[in-house]
1. For segment 174-211, name all the residues that are assigned to a loop (DSSP other than H, G, I, E, B) and either open to solvent by less than 50 Å² (accessible area, probe 1.4 Å) or in contact with a strand residue (DSSP E or B) (Cβ under 8 Å, 6 or more places away or on another chain) (or both).
2. How many of the residues in segment 6-25 are open to solvent by less than 50 Å² (accessible area, probe 1.4 Å) and either assigned to a loop (DSSP other than H, G, I, E, B) or within 14 Å of residue 77 (Cα to Cα) (or both)?
3. When you check residue 147 against the structure, is it in contact with a strand residue (DSSP E or B) (Cβ under 9 Å, 6 or more places away or on another chain), aliphatic (A, V, I, L, M) and part of a helix (DSSP H, G or I), yes or no?
4. What is the number of the single condition among (1) at pLDDT 75 or above; (2) open to solvent by less than 70 Å² (accessible area, probe 1.4 Å); (3) within 25 Å of residue 10 (Cβ to Cβ) that residue 84 does not meet?
5. Quick check on segment 137-191: of everything there that is charged (D, E, K, R) and at pLDDT below 85, which residue is nearest to residue 225 (Cα to Cα)?
6. Restricting to segment 34-77, name every residue that is open to solvent by 20 Å² or more (accessible area, probe 1.4 Å), of a type in the set (Val, Ile, Thr) and more than 22 Å from residue 311 (Cβ to Cβ).
7. Can you spot a residue in segment 212-222 that is free of Cβ contacts under 8 Å to residues at least 40 places away in the same chain, among the polar types (S, T, N, Q) and part of a helix (DSSP H, G or I)?
8. Restricting attention to segment 26-33, does a residue exist that is open to solvent by 40 Å² or more (accessible area, probe 1.4 Å), at pLDDT below 85 and either part of a helix (DSSP H, G or I) or among the charged types (D, E, K, R) (or both)?
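The values are calculated or read from the model by the stated rules, or taken from the named source; none is laboratory data. Keep in mind the model is a prediction, meaning the values are calculated, not measured. No Cβ is skipped: glycine too gets one built from the backbone with ideal geometry, and neighbour counts run over all protein chains shown. Ligands, DNA and RNA are stripped out before the accessible areas are found, and what is left, the full protein with its side chains, is counted by its heavy atoms. Shrake-Rupley method; radii C 1.70, N 1.55, O 1.52, S 1.80 Å.
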Amino acid sequence: MRVKVKFRLLFLSLSLICFWLGVHFTPDTLSSADDKWLLGGISAVYFLLLPIGYWYCIIKIGQQKLWKLIMIFSLSSLVARLSYPAELSHYFEFVMWLRYPIIAVLLLIELYLIVSVIRGLLNARKLKGDPRVGAVETYNEDAEKTLTMALILASEATNWYYSIPWFSRQHPSTTAHITLLSARRWHVWLMVIGCVSASIISYILLQSWSEIVAIIVASFISYTLMAIVANHRISRHYSLYFLRNKLVINNGLWGFMVIDSCDISQVSCIGFTIENKDDDSTLFIGRGQSNIALELNKPVIYHGGMGQLPEPMRIIHLSVDNPQDVIAAIEASRAGMACGLDEHRALPS
């Protein structure tokens, strides 16, 4: 596991533990000096310890922007507003006023989602490959912001393209299958049950506060069923394939890479133990022992977080079912590119 991922999980665990303990031990009143000291300690955790942890784990180690600190301050303020004693909670009333612009934004997103679904349906029936690959081929990876926006716009069509088999009927044939947990049948059924349960629970919990918000949130959670099915079909059928002399590696719907065949300097096919798992320029995909390794001439972007967490990689370790087929496909792609280049040079000017 890479260092950045470790620290993200570390901060997530820290924040969950701190908020759970803080809400559980927050006194109902400030009737004694002990209650005041206890609340002061909880406040220090909310507004000092967690922001420092966020700055170190997410901003410094994860190389994110400093302005994102406002996210943890806002979350701590919301928890304080909902759990602090009455004589102090009103100081955080400004957080509750945010629900009105939040509702307005949710309504706008809901309308945009309807338009995106219709547009995605119309586009997906014409596609002959993963829309994300087209975005990477169209936009230069050096223009990170432009490519990130393009991947956001392509995500809707990608969900429809992979979740409905008829849309992906012309998909390029798979070279090999990466051993991913999300490719298992029991995994997708577990995810579907969890999604439906979360949708029902969210509606029940939010209904007493706002019927509109309850419906919107439950609808958003339910709509992730499309992504769950797409994630399963990508992992099971389209985890590794070639498209236009480019090797496409899909780590489910979560992350993917598009590697030019000419950028692969060396490929190794052997079962081995990986020693340096903390190297941020090395990527590991698949369960079990790595049986194929790709070394690249230059860093190639791994688009994690559904395209929103780009990271440059130089070495890719994979656990696949047929590593020899991968090597043969890479060599064939290289030979095809070399042949095409020679023919192009031989043409008269």
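1. 177, 179, 180, 210, listed by residue number.
2. 4
3. yes
4. All conditions are met except number (3).
5. 156
6. Kept after step one, since they are open to solvent by 20 Å² or more (accessible area, probe 1.4 Å), are these residues of segment 34-77: 34-38, 40-41, 43-45, 47-49, 52, 54-56, 58, 60-61, 63-71, 73-75.
Remaining after also requiring of a type in the set (Val, Ile, Thr): 45, 52, 58, 61, 70.
Those that are open to solvent by 20 Å² or more (accessible area, probe 1.4 Å), of a type in the set (Val, Ile, Thr) and more than 22 Å from residue 311 (Cβ to Cβ): 45, 52, 70.
7. Within segment 212-222, one or more residues are free of Cβ contacts under 8 Å to residues at least 40 places away in the same chain, among the polar types (S, T, N, Q) and part of a helix (DSSP H, G or I).
8. yes
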